[in-house]
Structures are given as structure tokens and as C-alpha cells.
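**Student:** Quick one: structure below, then a few questions.
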Amino acid sequence: MESDLFARLTFDNCFTRELPADPEAANFRRQVRAACYSRVQPTVVREPRLVAWSREMAEELGLTIDDSTAPAIAEVFSGNRLLTGMDPFAMCYGGHQFGNWAGQLGDGRAINLGEVVSPAGRHWTLQLKGAGPTPYSRTADGLAVLRSSLREFLCSEAMFHLGVPTTRALTLVTTGEQVVRDMFYDGNPQREPGAIVCRVAPSFVRFGNFQILSARRETDLLKRLVDFTIRRDFGHLGEPGEHTYARWFAEVCRLTAEMIVHWMRVGFVHGVMNTDNMSILGLTIDYGPYGWLEDYDPTWTPNTTDAEGRRYRFGQQPHVAMWNLAQLANALAPLFSDTKPLQDGLDGYAESFNSGWQQMMASRMGLRSWQDPDDKELADELMLILQMVETDMTIFFRRLATVNVESSDHRVRGEAESEYLQRVGISGVETFRDSYYVPEQITPEYKIRLGQWLLSYGRRISTDGTSAEQRRKQMNSVNPRYVLRNYLAQLAIDQATSGKMSLIHRLLDVLRRPYEEQPDADEFSAKRPEWARTRAGCSMLSCSS
Ligand code: AMP
Ligand code: MG
């Protein structure tokens, strides 16, 4: 029975087969040169217990997970039991952290179990996060706590269902062991339950994997890793060579731009956009102190470690991605005889981001297509209005889909313009009522601005000629009703810490259909309650995990 359970996991370990390994077999912290990875075994844990799993990911891999198989699943995805064909390793990478080159980082608490080919023929790397120290653990312990593992597990799957490119999560396992963490770096270390997430992605290679080789002037190895990546994950570009390198870099730029457009659409703030946290496939990777925008505030970041400079604030993400791509371009430069293709790739990022952002905003507003310069004005003014009163972005856009647009001129109705504006403004405020965090901020001036905007919007919608029903459908397919609100994740953590896992399962289920109205799940679409405004873990997180 049990051997059948894993029978469909067919391993095909390309990364370890084709790229050079660190010759040192012992597991101690060190600088690893002239290698892409180190072989390392997960640490055995005391009492692995399966807490949650992704049904969709299990199906994709051909795994049957239920109560009867849970113990065996927990053994394997805690790293306690290795299956035939697994070849565990930690990758060597470097990175720029908060703008500074940090040298070698690497998989300090991630251990790749191996690569499988799914029944549908897709390649997936299975990776345990929190399975013990590796040669790259530096001064840390290689472990992860339940709080952060739960956040990673839920958010990976929520992002997937939202249509955002992301690494996936197969399982969440508690280890039965305690891990010491100083959550706020304030000298108050606590024992917390340990946990391990099995992450899944076609590749976990990051910008930093290339950067470390370039920084060490290991150009031959850099070329090998690029060639490997192109053959393995970008096969449609053709055989590696300088011309292909240029097309590949352009594609990485485009994929990154697409990912960022999605983040801006759903209100996701990564929190730590260091170059070691940038996937070469343009996937959202490394869910740490991430957060979801509540009120629309482009300066917001959930990461208390970044509170001073706010380098990774919501509105800055498109620029940071560009900066990170420029660092990748620098790293790749030794493979190019001329840097122009790299510059072209970066220019392509800006173009892809801009056109992607425009299309995204147009569809969020229910327009068929973006028309310059009017739609830019419309979108910019909306973003300003959203900041006049603390307004929940997610709720606002769902409500916007229900607005009955008024396109007629006030004179037709025999109204004075000011009266007319006031009337539209007041009814607008009613429509958006649920999205306001501080209703006292609503001033007469706000009502007039909102009224004016709704009138311009109404005129624009009428020229587009879409029916109210079409518009509502279109908008509701890009403006989610349910996101993993910061305080919901924290409530699930509070429950899980006291041994109750029901909220994790409920959230996982609701977040499977984020664009659909789910009448029995209204509570999960409500705006953040006031108690969560300043509560640690809700809107403020540290890197400690
Ligand atoms: P992050 O900020 O989570 O992207 O991590 C930056 C680097 O620190 C990566 O190389 C991680 O593998 C490493 N790291 C983070 N937490 C731990 C930990 N508990 N043990 C070992 N390495 C860690
Ligand atoms: Mg990381």
C-alpha cells in the first residue's frame, strides 16, 4: 500500500546530474566555490505530523493524500524518509540584500529532495523549507517555525488560485520539536513549534545563483548554469549561444514584469525583494514578511526590518524589480561581447511593465482596452482619491463593479452642476461605505472629487459600450473578492499554535475561488478589524521566521 503511494513520483534529477557538486560531503558552514550546490541530508525530526496539504498540487504529482496516508506523507515531506531516486541538495547562491552585495547566501534552510516528472509530463523540483542546517546556513539553524511556514503554505496556494505566478506548496508538516526565535529582535526569544513546508516549482533558481558565480569570476560555470537553465526551462528559445542569451534575458525581464503587474493588481507586497529572492522563472518566491494592502497606501510595507528606508514598499516594487534585473544583467555581462542586448532587455522590462500595468488597470476598471491619455488620467486620479480616505483596495474595486454609471450631463436633468456632483458623490460614498477604515476622513471635498471621478468614469464606460453585466463580470474576474488578509493569516496562526487547524483548512478552501462570491464566506472578505491595525503579525512582521 505504502509503496504504491509514492509509485508515481518518478525522479529525474537534472540539476545534480548536469551541474558540478561541492566535493565536500560533510555538513558544516562554509564558502562553496566552483560548484552550484552541496549534497546534504535533511535532519530527522521527532514527530512529523501532516497539518495541511494542497489538493491540487497532490493531484498534479499523482499523490493520494488522505487521513490514512497522512503519516507516510509526513515522514517523507519532513525529510525523515528518503525515497529511492531522491538526491537531496542545497543550492549555492548570493544576492544583494537591501541594495548591498551580501556575498554567498545559499539554501540555508531549504533542501531540495529532487526533481520529479509528473504524470502529465511536467518537471517539478520538491524542496523542504526548514529541514535542518546546510553548508549555507551561516549563523542560523536551518529551521522554520509554524507561524512562518503556515504563512508560506497558505499564501503560495492563494497566489496560485489568484493567477499570480508563484512557487507552490504541497504540504505543511509540524515537526514535534520546538524552535527558538526572537520574533522582534528585541531580546525576547521564545520557543515556538517547528514546521516544514514542501515547496514545489519547476525550478528554484534565483538571480543570485548567477550572481555568485559572476562575483567569483567563475565564468565557465556561469555559462554552464545559463546553458542548463535555457535548455531546461526555456527550451523554446533554442540552443544556448550569445544570441539565445539575449533572448533569454529579455524573456526573464518580461516574466518579471508580468509577475509585478500581478502583485500590483492583487495588492501583494513581497517585503524582501532581495536579488536572492527573485526567481529566474518570474515566480513569486520566498514568502517571508510579505503582506496584503488593506487601505490603498503605496508607501506601505509589512516588513518592520525595512521600516526606515521602506525600500520594498508596495509602490516601489516595479522599480526594485528593474534594479534587480540590472544586477542580473551585470552578472551576465561576462557572457556577452556587447552589453546592448542586456540594455535592450531592461528597456523591454519597462515596456512590458507599462503596457501590462495599463491593460491590468483597464480591465480592473472594466474597460475593453486602455486609451491614452484619458485612461491614464482616470487611473491616476482614482489612485489619489483612494488615498484621501483610508480605503480598502480589494473591497473598493469589487464595489466599483456595482456602480450604476451616470453619463448624462447635469443640464439634461435640469440640475445645477454642484448639486449634481454632490448627489453622485453621496451615492458613491454609500456604494463604497464598507471599504472605508476611517469614515470621519470623508469630507465634502472628497465627495466632490469622488463624484467628479464617477462622472468621468461613467462617460468613459458609455463610450466603451459594455453592458453593466459584462462590465461587472469582467471586473470581478480580475479584482478578487478574497485575498489572504494579513489578520486572517494571523488568526489561523493563533489557532494553530493552540493545536486547532480548522481555520487553515477553511482559508485554503475559500481562497481556492478568490473571484467568486461565496455567500457563506462573507467574513473572509470583510475589511481588517480595528484590533488588527497595530497587532504584531498582522500589519507588522519581521524577517524572523
Ligand atoms: P531570506 O531573507 O529569508 O530570503 O533569507 C536570506 C538568507 O538567509 C538565505 O540564504 C536563507 O537561506 C538564509 N536563512 C534565513 N533563515 C534561515 C535559518 N533559520 N537558517 C538558516 N538559514 C536561514
Ligand atoms: Mg530567501
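The values are calculated or read from the model by the stated rules, or taken from the named source; none is laboratory data. As the structure is a computational prediction, the values presented were derived from the model and not from experiment. With ideal geometry, Cβ positions are generated from the backbone for all residues, glycine too; neighbour counts draw on all protein chains shown. Only protein heavy atoms, including side chains, enter the accessible area calculation; ligands, DNA and RNA are left aside. Shrake-Rupley method; radii C 1.70, N 1.55, O 1.52, S 1.80 Å.
**Student:** Give just the number: which of (1) closer than 30 Å to TRP357 by Cα; (2) not in a helix (DSSP H, G or I) does SER545 not satisfy?
**Tutor:** Failing condition for SER545: (1).
**Student:** Take the residues in the range 375-408 that are open to solvent by 10 Å² or more (accessible area, probe 1.4 Å) and small (Gly, Ala, Ser); name whichever of them is nearest to LEU293 (Cα to Cα).
**Tutor:** Restricting to residues being open to solvent by 10 Å² or more (accessible area, probe 1.4 Å) and small (Gly, Ala, Ser), the top hit is SER407.
**Student:** Among LEU346, LEU382, LEU335, which is outside the structural domain of THR256 (by TED's automatic domain parsing) and in contact with a helix residue (DSSP H, G or I) (Cβ under 8 Å, 6 or more places away or on another chain)?
**Tutor:** On the way: LEU346 fails: outside the structural domain of THR256 (by TED's automatic domain parsing); LEU335 fails: outside the structural domain of THR256 (by TED's automatic domain parsing).
Checking each option against the conditions leaves just LEU382.
**Student:** Further question: Do we have any residue at all in the range 72-81 that's touching a Cys at 6+ places or on another chain (Cβ under 6 Å) and either at pLDDT 95 or above or of a type in the set (Ser, Thr, Tyr) (or both)?
**Tutor:** Within the range 72-81, one or more residues are touching a Cys at 6+ places or on another chain (Cβ under 6 Å) and either at pLDDT 95 or above or of a type in the set (Ser, Thr, Tyr) (or both).
**Student:** A further question on this structure: Check GLU406 against each of (1) within 20 Å of PRO298 (Cα to Cα); (2) assigned to a loop (DSSP other than H, G, I, E, B) and name the one condition it does not meet.
**Tutor:** (1)
**Student:** Next up: Considering only the range 60-98, how many residues are within 16 Å of ligand 2 (Cβ to nearest atom) and part of a loop (DSSP other than H, G, I, E, B)?
**Tutor:** 3
**Student:** Additional query: Which residues, taken from the range 173-214, are more than 22 Å from MET501 (Cα to Cα) and touching a Gly at 6+ places or on another chain (Cβ under 6 Å)?
**Tutor:** Those that are more than 22 Å from MET501 (Cα to Cα) and touching a Gly at 6+ places or on another chain (Cβ under 6 Å): GLY208, GLN211, ILE212.
**Student:** From the residues in the range 259-287 that are within 22 Å of CYS198 (Cα to Cα) and out of contact with any strand residue (DSSP E or B) (no Cβ under 8 Å at 6 or more places or on another chain), which one is most open to solvent (accessible area, probe 1.4 Å)?
**Tutor:** ASP286
**Student:** Out of the residues in the range 268-282 that are within 15 Å of ligand 1 (Cβ to nearest atom) and part of a loop (DSSP other than H, G, I, E, B), which is nearest to LEU255 (Cα to Cα)?
**Tutor:** Across the range 268-282, the extreme among qualifying residues is MET278.
**Student:** Would you confirm, using the coordinates I've provided, whether ASP107 is touching a strand residue (DSSP E or B) at 6+ places or on another chain (Cβ under 9 Å), in a loop (DSSP other than H, G, I, E, B), near ligand 1 (Cβ under 10 Å from one of its atoms) and open to solvent by 20 Å² or more (accessible area, probe 1.4 Å)?
**Tutor:** Judged against the criteria, ASP107 is not a match.
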